[in-house]
């Protein structure tokens, strides 16, 4: 007997369901929503162990070796799963290690294991290690260990970076030279200092004298007459294969450290000095083979846009967020709970990350019908979330969402600067 199936949209969230029964109305995620919420209510605050029992078990397990300070190593020997600790104490694993005075021991273990490994980058190291996972390591520690730049810059950082480039080149850099040697993107300067027109020249005027600026303009005119109009694209002869690999690993490793996933090609082009066309042209490979040649994979199911935004906001706010949060009062147009992309409980904030399907209908996302459902649900969120005393912030994919300074400025609009981690 042949079972008939069809592709149809979920009546609640509008997502396309592939090969389902003609009678199925809702996707698995929406069907589980009410069950999840009811389970949380039923089991809220319940634990079979006391705080003293948690402590005794932790100390007994972690006395054996340093790998038991990782979540995987801990679960191998513990009668209590590490997630039970997180749920009971409402702390991340790193925060729990701080509470019990074991955090520095874990960091020493990670550093020793990394130094013993033969891997060139943090991503291959973590992917191949039996016990060490990204979510069990302090992000700032890894960035220091790998000599990566900070996520947040103050005015002095921008100034130091500029003069580092000047000192390296021995002259005031042209626009392309600055892009090729700066650790901070010119777009980040623009966002931080609120620059809109002739951004690079505005940056120069902040740091150099009028006499030096006139020298720069003379050199700029000479370069244009000899080489044509300057653009952000680097001269082919200036980019080596070593430059390409170094920049590739920097972008992929930083993105993985901050989000747990690799960048899409679109995000890579926003974060890298060289876009993917430079790699394809010079190496004469497609993007998949380029990634594989450096030991990375481009196969991932998780959306980098949403993850990138929420993870960076988590760093700026110094708070972990709850993904796909549901509330009993937040009910959509078809009488099912609505999911919130990121909920920051301590800051009383919900962040919605809106892709292009929130602005206009696309066949890929279910067409006009799904778009109307999505708009209606967005309107429900816009009305009910503030009514229940929770702040709502929306980040659209047609903004400079990849720039941490932009995300910080949007958070300041809603929360004020005093609620953010100092730069």
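The values are calculated or read from the model by the stated rules, or taken from the named source; none is laboratory data. Quantities reported herein were computed from a predicted structural model and do not represent experimental measurements. All Cβ positions, glycine included, derive from the backbone under ideal geometry; neighbour counts span all protein chains shown.
At-a-glance table
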read-out	value
Where residue 92 falls short, out of the listed (1) modelled with pLDDT of 80 or more; (2) within 30 Å of residue 126 (Cα to Cα)	(1)
Residues located in the range 169-201, provided they are assigned to a helix (DSSP H, G or I) and out of contact with any helix residue (DSSP H, G or I) (no Cβ under 7 Å at 6 or more places or on another chain)	176, 187, 193, 201
Residue among 279, 308, 274 that alone is surrounded by 18 or more Cβ atoms within 10 Å (Cβ to Cβ) and assigned to a loop (DSSP other than H, G, I, E, B)	274
Residue satisfying all of: in the range 224-244; outside any loop (DSSP other than H, G, I, E, B) and touching a helix residue (DSSP H, G or I) at 6+ places or on another chain (Cβ under 9 Å); modelled with the highest pLDDT among these	244
From the options 392, 374, 415, residue that is touching a helix residue (DSSP H, G or I) at 6+ places or on another chain (Cβ under 7 Å) and within 26 Å of residue 92 (Cα to Cα)	392
Of all residues in the range 40-64 being at pLDDT below 85 and surrounded by 12 or more Cβ atoms within 10 Å (Cβ to Cβ), the one that is nearest to residue 105 (Cα to Cα)	49
Lone unmet requirement of (1) part of a helix (DSSP H, G or I); (2) in contact with a helix residue (DSSP H, G or I) (Cβ under 7 Å, 6 or more places away or on another chain); (3) farther than 19 Å from residue 258 by Cα for residue 408	(3)
Single unsatisfied condition, residue 100 versus (1) within 25 Å of residue 346 (Cα to Cα); (2) under 27 Å from the mean Cα position of the chain (by Cα)	(2)
Whichever residue in the range 103-137 is crowded, with 17+ Cβ neighbours inside 10 Å and outside any helix (DSSP H, G or I) and, among such residues, is modelled with the highest pLDDT	131
